[in-house]
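Worksheet: one structure, shown below.
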Amino acid sequence: MKILKFGGTSVGSVENLRRVKDILISDQENKIVVCSAMSGVTDQLVSLVENIKLEDAEAITRNIHRLESKHTDVIDELVESTEIKNVLKDGLTLLITELFEIANQEYSEIVNSQIITYGETLLTYIFSGFLKSLQIENVLLDAKDFMHVGTAENPDILEVSRRINKMFEEGVQSSIYITQGFVCRNLEGDISHLKRGGSDYTATIIGAAVNASEIQIWTDIDGLHNNDPRYVEETQPIAHLTYNEAAELAYFGAKILHPQTVSPVVDKEIPVLLKNTFDPEASGTIISNKTYRKGLKAISAKDGITAIKIKSNRMLMAHGYLRRIFEVFDNYHTSIDMITTSEIAISLTIDNISNLDEIVREIETYAEVTVEQNHSIICIVGESVINDRNSYKLFEILNYIPVRMVSYGGSNNNISLLVDTKDKIPTLRFLNEKLFHVPHEIVV
């Protein structure tokens, strides 16, 4: 069985939904299709959540009617049969009524999750009905019935497997199953979500749960490129990546992948393919445990980084000092991305500032703290990248851009630079010219 995930752009219009249909029927192998919400719908639902917080009844009604109109228009344009159109619209009315009921509750985190995951429910309902209107048999699965992941950071694959396989055994058999990405249930069984971009993660969790033969992630670009094509010209798709390379690139900002995408499938060695919905014949990128070429592969950038410098009046490496610093961040569930040390200071970066004030206040009781925001991490990735003969060229950036921090040597597969976000694009372009317009040679 294969898992095919289609993102918001891939299902963002009637034309694109027809493209997805063509992709599905071109492959006869059994498959589970994971869909995101249509482009822009999750943003509308986030806005709806704000209306709920403000208890703005008029705005709630207006927002939901806008969502209903959008999806009604899709049904009208997508489905030819008047009879099937009417059936789908009746079902849509029931879903919209349920959305109104949720939106009229007092705001809570559970209500928030129920609302912002509703776009996937609307889209999969319509898409499943569209396929059936063309006599393409399929079964619509409610992800809330089996995506009991516990915690997103460490999903309970065995529980997901038990639940989904029970559904297969007891339900209607089909060669195509349609389900929602993004939505899940937490340890308490409440509706939750896998954060933005989480449909990728849904696909690999399901893939691991059913021991899929492969997982295909369909988006609007032909694979993962060696630099960000939004800012850099002449980027190239990468044919092969290892799990480690893909994980590094995703964590450090590659938009095509959710940061945790590959983690569920590494031990099972299930390949992940990144494909282009608008050019299905393009090779795309294959992510697996195989290393086809070592050395420099790609560059990614992660924005929203805050740099924190902690200066002690005593020797920094005094026994217990570093442990004391790290415990503060751990107590506030705040991960550290980069870290460098000197004799009397430690510099580090975080991307989650929700507890920044509390962290600073606690550390300031025994050290001087300086905070700098609006930074970006530029990450250069590749198996054995530190042994690539051309890696030294990246440090020529020091002649042109003020680099705040450098992380080199902590991993053989990653070299990271911290720069002011206003310098991100010039840095990406400079590194692209220096690192990818030359032949690469590895020292073994």
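The values are calculated or read from the model by the stated rules, or taken from the named source; none is laboratory data. Just so it is clear, the structure is predicted and the values come from calculations on it, not from any experiment. Positions of Cβ are backbone-derived with ideal geometry, glycine not excepted, and every protein chain shown enters the neighbour counts. Side chains are part of the model used for accessible areas, which takes the heavy atoms of the whole protein and leaves out ligands, DNA and RNA. Shrake-Rupley method; radii C 1.70, N 1.55, O 1.52, S 1.80 Å.
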Filtering the range 416-438 for residues that are part of a strand (DSSP E or B) and touching a residue at least 60 places away in the same chain (Cβ under 8 Å) leaves a count of 2
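Residue-wise test of (1) among the aromatic types (F, W, Y); (2) more than 18 Å from T306 (Cβ to Cβ); (3) in a strand (DSSP E or B).
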site: D337; (1), (2), (3): no, no, no
site: T340; (1), (2), (3): no, no, yes
site: T349; (1), (2), (3): no, no, yes
site: D357; (1), (2), (3): no, no, no
site: I380; (1), (2), (3): no, yes, yes
site: N412; (1), (2), (3): no, yes, no
Test: residue in the range 153-174 that is out of contact with any helix residue (DSSP H, G or I) (no Cβ under 8 Å at 6 or more places or on another chain), in a loop (DSSP other than H, G, I, E, B), of a type in the set (V, I, T) and closer than 27 Å to Q28 by Cα: yes
Looking at the range 76-108 only, could you name the residues that are of a type in the set (D, E) and free of Cβ contacts under 8 Å to residues at least 40 places away in the same chain? D76, E83, D90, E98, E101, E106
Based on this model, can you work out whether E383 counts as open to solvent by 10 Å² or more (accessible area, probe 1.4 Å), charged (D, E, K, R), more than 27 Å from I238 (Cβ to Cβ) and modelled with pLDDT under 95? no
Every residue from the range 136-146 that is open to solvent by less than 40 Å² (accessible area, probe 1.4 Å) and touching a helix residue (DSSP H, G or I) at 6+ places or on another chain (Cβ under 6 Å): N138, F146
Consider L4 carefully, then state whether it is under 26 Å from the mean Cα position of the chain (by Cα) and open to solvent by less than 30 Å² (accessible area, probe 1.4 Å). yes
Taking strands (runs of 3 or more DSSP E) that fall entirely within the range 189-298, which contain at least 3 residues that are open to solvent by 10 Å² or more (accessible area, probe 1.4 Å)? 191-193, 214-219, 272-276
Restricting attention to the range 323-335, which residues are in contact with a strand residue (DSSP E or B) (Cβ under 7 Å, 6 or more places away or on another chain) and over 17 Å from G304 (Cβ atoms)? I325
